[in-house]
1. How many residues does region 1-19 contain that are in a loop (DSSP other than H, G, I, E, B), of a type in the set (A, V, I, L, M) and within 10 Å of the ligand (Cβ to nearest atom)?
2. Can you list residue pairs whose Cβ atoms sit under 8 Å apart, with the first residue in region 27-46 being near the ligand (Cβ under 8 Å from one of its atoms) and aromatic (Phe, Trp, Tyr) and the second being open to solvent by 60 Å² or more (accessible area, probe 1.4 Å) and assigned to a helix (DSSP H, G or I)? Count only pairs 6 or more apart in sequence or on different chains.
3. Let me confirm something: among Arg13, Arg36, Arg40, which residue is under 10 Å from the mean Cα position of the chain (by Cα), surrounded by 11 or more Cβ atoms within 10 Å (Cβ to Cβ) and among the basic types (Lys, Arg)?
4. If you scan region 16-39, which residues turn out to be basic (Lys, Arg) and touching a Leu at 6+ places or on another chain (Cβ under 8 Å)?
5. Going through region 16-33 one residue at a time, which ones are among the basic types (Lys, Arg) and over 9 Å from the mean Cα position of the chain (by Cα)?
Amino acid sequence: MSCKWIDICPLRRLERQGAIDFTWRERYCDTERNWRECRRYQMEEKGLPHSDTMMPDGSVIGI
Ligand code: SF4
């Protein structure tokens, strides 16, 4: 099952804008289990604020 945030995650907007490609989606969001390793997911679960431009590995892109 994909990540529960897959449709509303800010990364979808960044994909539409062409700021990122679909690699993150393929490696984390749309996988059976890898979304559990996503830093965004982990922080969301803890209620911790995080930038819309933070990637699943915790890196922050400049756009
Ligand atoms: S970036 Fe992380 S929180 Fe967002 S949809 Fe992908 S796995 Fe879920």
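The values are calculated or read from the model by the stated rules, or taken from the named source; none is laboratory data. In this text the structure is predicted, and so the values were computed from the model without any measurement. Counting neighbours? That spans all protein chains shown, and the Cβs are built from the backbone with ideal geometry, glycine included. Surface areas here come from the heavy atoms of the whole protein model, side chains and all, with no ligands, DNA or RNA. Shrake-Rupley method; radii C 1.70, N 1.55, O 1.52, S 1.80 Å.
1. Here is the first cut: in region 1-19, the ones in a loop (DSSP other than H, G, I, E, B) are 1-9, 18-19.
Add one more test, that the residue is of a type in the set (A, V, I, L, M), and what stays is 1, 6, 8, 19.
Subset that is within 10 Å of the ligand (Cβ to nearest atom): 6, 8.
So the count comes out to 2.
2. Pairs that qualify, where the first residue is near the ligand (Cβ under 8 Å from one of its atoms) and aromatic (Phe, Trp, Tyr) and the partner is open to solvent by 60 Å² or more (accessible area, probe 1.4 Å) and assigned to a helix (DSSP H, G or I), are Tyr28/Asn34; Tyr28/Glu37.
3. Numbers: Arg13 fails: under 10 Å from the mean Cα position of the chain (by Cα); Arg36 fails: under 10 Å from the mean Cα position of the chain (by Cα).
So the residue among Arg13, Arg36, Arg40 that is under 10 Å from the mean Cα position of the chain (by Cα), surrounded by 11 or more Cβ atoms within 10 Å (Cβ to Cβ) and among the basic types (Lys, Arg) is Arg40.
4. Once the filter is applied, which keeps residues that are basic (Lys, Arg) and touching a Leu at 6+ places or on another chain (Cβ under 8 Å), region 16-39 yields only Arg25.
5. Kept after step one, since they are among the basic types (Lys, Arg), are these residues of region 16-33: 16, 25, 27, 33.
Listed by number, the residues that qualify are Arg16, Arg27, Arg33.
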